[in-house]
Amino acid sequence: MESGIINKIILEVRAGTGGDEASLFAGDLVRMYQKYALRRDWTFSILDASESGAKGYKTLVAEVSGQGVYDALKHESGVHRVQRVPVTERQGRIHTSTASVAVLPVVEAKAVDIKDSDLEVTFSRAGGPGGQNVNKVETAVRILHKPTGIVVSCRMERSQHANREKAMEMLRSVLYDEAQRQSVGSISELRNNQIGSGDRSEKIRTYNFPDDRITDHRIGKKWHNIEKILEGDFDPIVKAFAK
């Protein structure tokens with residue numbers, strides 16, 4: 001399947017090392033991708049999220065769809081590192097924290113064969129956006145793919161059926177990516193192939209606030225105006241990988 005025809009992805013952002021600051025940084029990355037999606041007229045739909053504080057995320061999984069979305073964001077997979085003074089830091093010290101990003105292409109159902117007997121599906125109350133109805137009905141879906149140990153979940157849709165369809169879409173994407181890499185193992189092993197363990201030393205990109213500089217360590221490129229980029233002005237980075 002050629003990347004040029006993939007117009008839908010699963011985007012996962014996870015806080016790494018750095019405690020609350022890592023969660024805040026993960027939130028910054030999520031909002032950057034959301035705002036960039038808006039600029040590109042893409043659809044950004046949150047499928048599952050574990051929030052940490054007012055502006056942070058421990059984990060967020062979203063579906064992003066639109067023309068050229070995979071080609072634009074496929075290079076985002078990896079560990080992103082931030083260097084800045086956290087809002088909770090009273091002595092003005094610079095902290096280093098990380099967040100990991102994984103980008104998986106969404107594929108058609110016929111591209112991946114999944115047997116019903118290989119699935120363990122459980123339901124629970126969503127507890128997320130959607131009002132009282134979401135909390136009273138078991139609409140959240142968790143699917144375990146028993147042969148690989150992969151677990152996916154979706155709780156943001158209003159119906160159990162819709163959440164199950166989205167979760168199956170996520171599962172197909174992960175299994176497809178795994179097949180492309182010819183690797184079989186747990187979801188943690190799959191993610192490690194893409195993003196490593198989340199350790200600071202495994203970074204692909206550094207966001208250095210004191211120097212107002214973003215550095216991509218794979219291509220050796222640097223950009224300034226961090227705040228502008230985090231507000232969704234992300235094309236300079238995308239175009240650097242297109243060359």
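The values are calculated or read from the model by the stated rules, or taken from the named source; none is laboratory data. All values derive from a computational prediction rather than experimental measurement. Note: ideal-geometry Cβ built from the backbone for every residue, glycine included; neighbour counts use all protein chains shown.
Quick notes on this one:
- The residues on offer are Leu24, Leu38, and the sole one that is assigned by TED's automatic domain parsing to the domain that holds Ile214 and surrounded by 21 or more Cβ atoms within 10 Å (Cβ to Cβ) is Leu24.
- When Gly92 is tested against the conditions (1) over 13 Å from the mean Cα position of the chain (by Cα); (2) of a type outside the set (S, T, N, Q); (3) modelled with pLDDT of 90 or more, the lone failure is (3).
- Single residue of the stretch 192-222 satisfying the filter (among the hydroxyl-bearing types (Ser, Thr, Tyr) and modelled with pLDDT under 70) that is nearest to Leu11 (Cα to Cα): Ser197
- Taking the stretch 78-125 as the range and being among the polar types (S, T, N, Q) and closer than 15 Å to Gly16 by Cβ as the test, the residues that pass are Gln83, Thr96, Ser97, Thr98, Ser100.
- Count of residues meeting criterion [small (Gly, Ala, Ser) and either crowded, with 21+ Cβ neighbours inside 10 Å or in contact with a Leu (Cβ under 7 Å, 6 or more places away or on another chain) (or both)] in the stretch 54-76: 3
- Within the stretch 212-234, if we keep just the residues that are assigned to a helix (DSSP H, G or I) and touching a residue at least 60 places away in the same chain (Cβ under 8 Å), the residue that is surrounded by the most Cβ atoms within 10 Å (Cβ to Cβ) turns out to be Ile229.
- Residues of the stretch 142-179 that turn out to be buried (at least 21 other Cβ atoms within 10 Å of the Cβ), within 17 Å of Ser124 (Cβ to Cβ) and either assigned by TED's automatic domain parsing to the domain that holds Asn7 or charged (D, E, K, R) (or both), as a count: 3
- Pick from the stretch 98-128, criterion out of contact with any Pro (no Cβ under 8 Å at 6 or more places or on another chain) and among the acidic types (Asp, Glu), ranking: nearest to Tyr33 (Cα to Cα): Glu108
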